[in-house]
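Participant: Dumping the structure here so I can ask a few things about it.
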Amino acid sequence: MRVLVVVATALLAAACAQGGRTAAAGSTPPAPVTSAVAPSSEPPAATTTTPPPQPAPPPQPVTVAGTPCDITNGACVSLSSQQTWLIANGVVTYGPVPITSGRAGYETPPGTFAVQYKVRDEVSREFNNAPMPYSVYFEDGGIAFHEGSLEVPSHGCIHLSHEAAVTYFETLSQGAQVQVVG
């Protein structure tokens, strides 16, 4: 019995060394199996692949009631109606109030910005030290809300009445959103 186990183990080891083929002593290894497929006259069938699913588009922004803006906190400016509003938690808290904006060649840029800094008693060094009280800067080019003429267009800033300028100065803090729409 022990001899039989040794012989079986030796045969198994030899079979493994030959890649799994076993053959009796003196016999020829079996011929490889091949399959013949008749050529087809039909073209191969087209394969269709289904594209991966695309994510749903983001929901459209909802404008704050009574304004053309979709920010929920900050200031909204409409250049076409020459009005502005303060908004908190998606509700108008102040406004609309009248404004004047940039004249031809000094247009107020549309977009969404953040309040950068505020200066209570500012003057414009660029425009002959013109007074700009209660300035709230929100654009890199020096555009701000400030007290100014509601009759004469600005050089890009948003002119407010004295009362509105004080309210914007006291309400808007650094980082608050400002949305300017056409």
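Participant: Does Thr84 satisfy being of a type in the set (Ser, Thr, Tyr) and surrounded by 18 or more Cβ atoms within 10 Å (Cβ to Cβ)?
Facilitator: yes
Participant: Continuing with this model, one more query. Name every residue in region 120-153 that is out of contact with any Cys (no Cβ under 6 Å at 6 or more places or on another chain), in contact (Cβ under 8 Å) with a residue 24 or more places away in the chain, aliphatic (A, V, I, L, M) and part of a strand (DSSP E or B), in order of residue number.
Facilitator: Met132, Val136
Participant: Out of Thr108, Thr112, which single residue is of a type in the set (S, T, N, Q) and either touching a helix residue (DSSP H, G or I) at 6+ places or on another chain (Cβ under 6 Å) or in a strand (DSSP E or B) (or both)?
Facilitator: Being of a type in the set (S, T, N, Q) and either touching a helix residue (DSSP H, G or I) at 6+ places or on another chain (Cβ under 6 Å) or in a strand (DSSP E or B) (or both) holds for just one of Thr108, Thr112, which is Thr112.
Participant: Could you go through region 92-100 and let me know if any residue there is over 16 Å from Glu163 (Cα atoms) and either in contact (Cβ under 8 Å) with a residue 60 or more places away in the chain or assigned to a loop (DSSP other than H, G, I, E, B) (or both). Let's see the steps before the verdict.
Facilitator: Initially, region 92-100 is screened for residues over 16 Å from Glu163 (Cα atoms), giving 92.
Remaining after also requiring either in contact (Cβ under 8 Å) with a residue 60 or more places away in the chain or assigned to a loop (DSSP other than H, G, I, E, B) (or both): none.
Checking region 92-100: not a single residue is over 16 Å from Glu163 (Cα atoms) and either in contact (Cβ under 8 Å) with a residue 60 or more places away in the chain or assigned to a loop (DSSP other than H, G, I, E, B) (or both).
Participant: Which of the residues that make up region 168-179 are assigned to a helix (DSSP H, G or I) and without any contact (Cβ under 8 Å) to a residue 60 or more places away in the chain?
Facilitator: If the condition is that a residue be assigned to a helix (DSSP H, G or I) and without any contact (Cβ under 8 Å) to a residue 60 or more places away in the chain, then Phe169, Glu170 are the ones that fit.
Participant: Could you please find all residues in region 108-133 being within 15 Å of Val152 (Cα to Cα) and surrounded by 14 or more Cβ atoms within 10 Å (Cβ to Cβ)?
Facilitator: Thr108, Ala130, Met132
Participant: Now a separate question. Using the structure shown, decide if Ser78 is surrounded by 14 or more Cβ atoms within 10 Å (Cβ to Cβ) and either without any contact (Cβ under 8 Å) to a residue 40 or more places away in the chain or more than 16 Å from Gln177 (Cβ to Cβ) (or both). Walk me through how you get there before you give the answer.
Facilitator: On the way: surrounded by 14 or more Cβ atoms within 10 Å (Cβ to Cβ): yes; either without any contact (Cβ under 8 Å) to a residue 40 or more places away in the chain or more than 16 Å from Gln177 (Cβ to Cβ) (or both): no.
So Ser78 fails the test.
Participant: Conditions: (1) at pLDDT 95 or above; (2) exposed (fewer than 13 other Cβ atoms within 10 Å of the Cβ). Pro52 meets all but one. Number of the miss?
Facilitator: Result: Pro52 fails condition (1) only.
Participant: Within region 154-167, can one find any residue that is farther than 20 Å from Gln82 by Cβ and either in contact (Cβ under 8 Å) with a residue 60 or more places away in the chain or surrounded by fewer than 17 Cβ atoms within 10 Å (Cβ to Cβ) (or both)?
Facilitator: No: zero hits.
Participant: Follow-up question, since we're still on this one. Spot the failing condition for Thr84; the list is (1) under 15 Å from Leu172 (Cβ atoms); (2) of a type in the set (S, T, N, Q); (3) in contact (Cβ under 8 Å) with a residue 24 or more places away in the chain; (4) out of contact with any Cys (no Cβ under 8 Å at 6 or more places or on another chain), and only one is missed.
Facilitator: Every condition holds for Thr84 apart from (4).
Participant: Which one of these does Asp70 not meet: (1) exposed (fewer than 13 other Cβ atoms within 10 Å of the Cβ); (2) of a type in the set (D, E, K, R); (3) within 16 Å of Gly182 (Cβ to Cβ)?
Facilitator: Going through the list (1) exposed (fewer than 13 other Cβ atoms within 10 Å of the Cβ); (2) of a type in the set (D, E, K, R); (3) within 16 Å of Gly182 (Cβ to Cβ), Asp70 breaks only (1).
The values are calculated or read from the model by the stated rules, or taken from the named source; none is laboratory data. Since we're looking at a predicted model, the values are computed, not measured. Using ideal geometry, Cβ is built from the backbone for each residue, glycine included, and neighbour counts are taken over all protein chains shown.
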